[in-house]
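Okay, so here's the structure we're looking at.
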Protein chains: 2
Amino acid sequence: MTTTIGPVTPQQMHFAEALPLASGARLADYHLVYETYGTLNAARSNAVLVCHALNAGAHVAGLDAEGQLGWWDNLVGPGKPLDTNRFFVIGVNNPGSCFGSTGPMHPNPATGRAWGADFPVVTVEDWVDAQARLVERLGIGRLAAVIGGSLGGMQALAWTLRHAERVQHCIAVATAPNLSAQNIAFNEVARRAIVTDPEFHGGHFYAHGVLPRRGLRVARMIGHITYLSDDSMEAKFGRELKAGPAGALGYTTQDIEFQIESYLRYQGDKFSEYFDANTYLLITRALDYFDPARAHGGNLAAAFAPARDKRFLLVSFTTDWRFAPARSREIVKALVDNHIAVNYAEIDAPHGHDAFLLDDARYHGVLRAYFDRVARSV
Amino acid sequence: MTTTIGPVTPQQMHFAEALPLASGARLADYHLVYETYGTLNAARSNAVLVCHALNAGAHVAGLDAEGQLGWWDNLVGPGKPLDTNRFFVIGVNNPGSCFGSTGPMHPNPATGRAWGADFPVVTVEDWVDAQARLVERLGIGRLAAVIGGSLGGMQALAWTLRHAERVQHCIAVATAPNLSAQNIAFNEVARRAIVTDPEFHGGHFYAHGVLPRRGLRVARMIGHITYLSDDSMEAKFGRELKAGPAGALGYTTQDIEFQIESYLRYQGDKFSEYFDANTYLLITRALDYFDPARAHGGNLAAAFAPARDKRFLLVSFTTDWRFAPARSREIVKALVDNHIAVNYAEIDAPHGHDAFLLDDARYHGVLRAYFDRVARSV
């Protein structure tokens, strides 16, 4: 039997000491929002950190005060694959995000006005450093595991490179050792849509009382296409008309004719109401910049040398064309080249990149088995 | 030896009789711009019609007065695979386009002002009907062949269904029997970028003396991603920095960091200076609507029954993820089901959808051999 946790209450931790960033800038006087589930054991050895991707935050599991389920609730909870009866699970929102932690909509201490586009560029490594400080404050010397999907998977990998002594297992799902030119291209188009929206105002739209909704809508629509597989989009929408199977064609260039258009517009509209435009730029840039092999002349195996005594689980999905299985296999090869223990599961799932968020029996079975193993090592 | 034709002069044909459109509307008092290359033989049996895709027009081959090479000059000319020493080749710009034929920037006879967004929605079938009228005016009873790539391939297919008695061979390259949900999705995002650009003014931007450049740029950038293969983009740009291999990271969200960004922005900027926004909407919609099986309950084989005594060459490219080989194979199967003579070549080329415009030896070899066969049947 699995049950749902809740209501869970987000907590906040303030950091007075500035965080040095990869860019050379420093983030001063910031706070992180986080949630925890389960109980830290006496040995403080059962903590698992969950890292989020673009459109998520600290609310990983359970119901919050508004009745919203956590974004990975199908995975995390009592009796679930990441079982909160055994593990103390931490969800934390990264700086630069728009879900509670210090971000572009918060005041810049230097000016008293919203950071806006002046918020410092943050990297996956910066986030991992911020997370490591939080984990330390929580009195946890070493994490049993760190887990994430997509951009969250990149953070899980970065933990084993920057804070190797402070993590035992890394579970990286639907991720990549860096973005391809095509991945960067999609991010760049989305950013251009936002930045060229007249209501973006160079990133200082807060002061103008407007939001660059047009740009955000287009950005989200592009994103959605890359999250779904061609096949699942075909199965779900195909060429179905909004007017229904017996409906007549409207012969229109601006109104909705096909269901897929209706779906994408709805996703874009919804997203543009709550997601921060500057956060979109920051997070897609963090994705672009992630490239642990860069400091090693492109040699990914050399990059993974610090992770030598860690254990890894990599998971990919056959229909994920954003971060295809071949990208996970690059990581597996780099680990094997270092004689690092790695399990790899390539899940035959139809849902594309989004599969990492879905409740697929084979996928969750692999995670459950792996967390059983983590539990034995606690 | 191949040589380049030129200078070639575009010609114009006026049509006083209204063209009935699939939507039920009629296009009155329109003109078509066309070019011809080679000489029509005495039997008037050696004419080949070339159909264009989104970003092209009547100028197929040779040098025009401005010194611009035709968009398919590598294929069409003396001694080239479509040899103008043997064939009389016709290039025609479709109505609704922005390369000379009647389109949204021309005056609406009902108002005297530019058509703008009121230009009637045109379909692949409408274009083929307009082309058939032009061919008739040129005194050609039956085309030896019709050829096109991508959207041009759809027109070539439509000829064999609507004007079967007036065409002998159909050569359809890098095309599909209809758009997938993903194809429509990319078109829709591009359209939304254009339509929500404040300078679009509901499609009547001509009267405001502005152009929706921001939207067109984003639309073109999205298009470009889908025209190239993931691999060719990776080979051409990878993660190369604008600052060069030894360059430092700029840590910027709005400035160019990677070469792929520079390339896409350049393509977007260039396109936005000359391409008409209303034409972009019209042509992407013509793509969305093309679906010959629709009138036959989705049965593509039934749709191809009128093409029973035609001969077909279908060509696809292995790395084309926009109109993948599987889409061409659907057409081949429908033809085979009708016992129609079809040759099919799946070319192992790295360049994605754009390959249909490039000079690949195996691809052009297949076309040369097929046109030899067409020449023998003239």
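The values are calculated or read from the model by the stated rules, or taken from the named source; none is laboratory data. Keep in mind that this is a model prediction, so the values were computed, not measured. A quick note on method: Cβ atoms are made from the backbone with ideal geometry, for glycine too, and the neighbour counts reach across all protein chains shown. Surface accessibility is based on the protein's heavy atoms, side chains included, excluding ligands, DNA and RNA. Shrake-Rupley method; radii C 1.70, N 1.55, O 1.52, S 1.80 Å.
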Requested in this report: Report, to the nearest whole %, how much of the accessible area of chain A belongs to carbon and sulfur atoms, 1.4 Å probe, protein only.
Outcome: 51
Query raised in the report: A:Asp337 label points, 7 Å along Cα→Cβ, one per copy: pairwise distances from this copy to the rest in nm, shortest first?
Result: 4.9
Query - Separation of alpha-carbon centers, the stretch B:311-374 and the stretch A:268-334, rounded to whole Å - result: 36
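With runs of 4+ DSSP H residues as the only contributors, calculate the mean residue ellipticity of the protein assembly as shown at 222 nm using -39,500 (n - 2.57) per run, divided by the residue total and rounded to the nearest 500.
Values: 20 runs with 251 residues, N = 756.
Value at 222 nm, helices only, nearest 500: -10500 deg cm²/dmol.
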**Report entry** For the stretch A:1-82, diffusion coefficient by Stokes-Einstein and Kirkwood Rh (Cα), 37 °C, 0.692 mPa s, µm²/s
**Finding:** 225
Requested in this report: Take every DSSP beta bridge with both residues inside chain A and express the antiparallel ones as a percent of the total, to the nearest 5.
Outcome: 35
Report task. For A:Phe99, A:Phe275, write out the residues from largest to smallest accessible area, computed with a 1.4 angstrom probe and no ligands counted. Result -> A:Phe99, A:Phe275
Query - Chains A and B, summed buried accessible surface - 1.4 Å probe, Å², nearest 100 - result: 5100
**Report entry** Principal axis box of the protein assembly as shown, alpha-carbon based, largest edge first, Å
**Finding:** 97, 55, 52
Query raised in the report: On average, how much accessible surface per residue is there in the stretch B:71-156, in Å², for a 1.4 Å probe, leaving out ligands, DNA and RNA?
Result: 25
Query - Exposed GluC sites (Glu not before Pro) absent: longest stretch of chain B, with sites in DSSP loops and at most 16 other Cβ within 10 Å deemed exposed - result: B:67-239
**Report entry** Value in Å of the Kirkwood radius, where the stretch B:179-272 supplies the Cα pairs that are averaged
**Finding:** 14.9
Query raised in the report: A:Ile347's amide H: which non-local residues (gap 5+, or another chain) put their own amide H closer than 5 Å, with H modeled 1.01 Å from N in plane and none for Pro or chain starts?
Result: A:Ser316, A:Phe317, A:Thr318
Query raised in the report: To the nearest 0.05, what FRET efficiency results for A:Thr3 and B:Arg362 with a Förster distance of 60 Å applied to their C-beta separation?
Result: 0.45
Report task. Could you order B:Lys242, A:Lys310 so the one with the most accessible surface comes first? Probe is 1.4 Å. Result -> B:Lys242, A:Lys310
Report summary line: Taking N as the number of residues in chain B, the ratio of its alpha carbon radius of gyration to 2.2 N^0.38 Å works out to 0.99
**Report entry** Inter-copy separations for A:Glu165, label at 7 Å along Cα-Cβ, nm, ascending
**Finding:** 8.8
Query raised in the report: Any idea how far the Cα center of the stretch B:221-236 sits from the one of the stretch A:100-153, in Å?
Result: 33
Query - At q = 0.10, 0.14, 0.19 Å⁻¹, base-10 log of I(q)/I(0) for the stretch B:60-211 (Debye sum, equal scatterers on each alpha carbon) - result: -0.47, -0.89, -1.30
Query - Probe 1.4 Å - accessible area at B:Met221, Å² to nearest ten - result: 10
Requested in this report: Please give the per residue accessible area of the stretch A:293-370, computed with a probe of 1.4 Å over protein heavy atoms only, in Å².
Outcome: 44
Report summary line: One decimal, nm, nearest first: from B:Ala243 to the same residue in each other copy, label points 7 Å out along Cα→Cβ, the values are 5.5
